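Worksheet: one structure, shown below.
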């Protein structure tokens, strides 16, 4: 065991020469791994952003569809109410003018009778 320790100490203490270009190749490989790791993190982040954006768009689209449907129903209801109000107003105006015409006709009859009475009075008084 002591021999093994001595051998390890000698091996570690001895200056070993690295093959030419090994240091540069190791640096390039480490840089490549670091770049790949950054790209993987960016890819995961992009996927997460796309996923969240898709969910948000789906929610907004669903809300928009339901709101449009409610708006459309409200517009139909308003159109029906407006049509009913128009018909009611037309009927009220028709009833008013019908009664107004009856009143005018009665006033015309009264005026004719008053004219006849006046004519009779004038005839009797002129006699």
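Just so it is clear, none of the values below were taken in a lab; they were calculated from the coordinates. What you see is a predicted model; the values in this text were computed from it and never measured.
Below are the figures for this structure:
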{"item": "Nearest-ten-degree value, helix 2-13 long axis tilted from longest Cα axis of the chain", "result": "70"}
{"item": "Using alpha-carbon coordinates, inclination of helix 22-126 to the longest axis of the chain, degrees", "result": "0"}
{"item": "Estimated 222 nm signal from helices in the chain, with DSSP H stretches of n ≥ 4 weighted -39500 (n - 2.57), rounded to 500", "result": "-35000 deg cm²/dmol"}
{"item": "Cα convex hull volume per residue for the chain (Å³)", "result": "228"}
{"item": "Between the range 25-61 and the range 66-108, the alpha-carbon center distance in angstrom", "result": "64"}
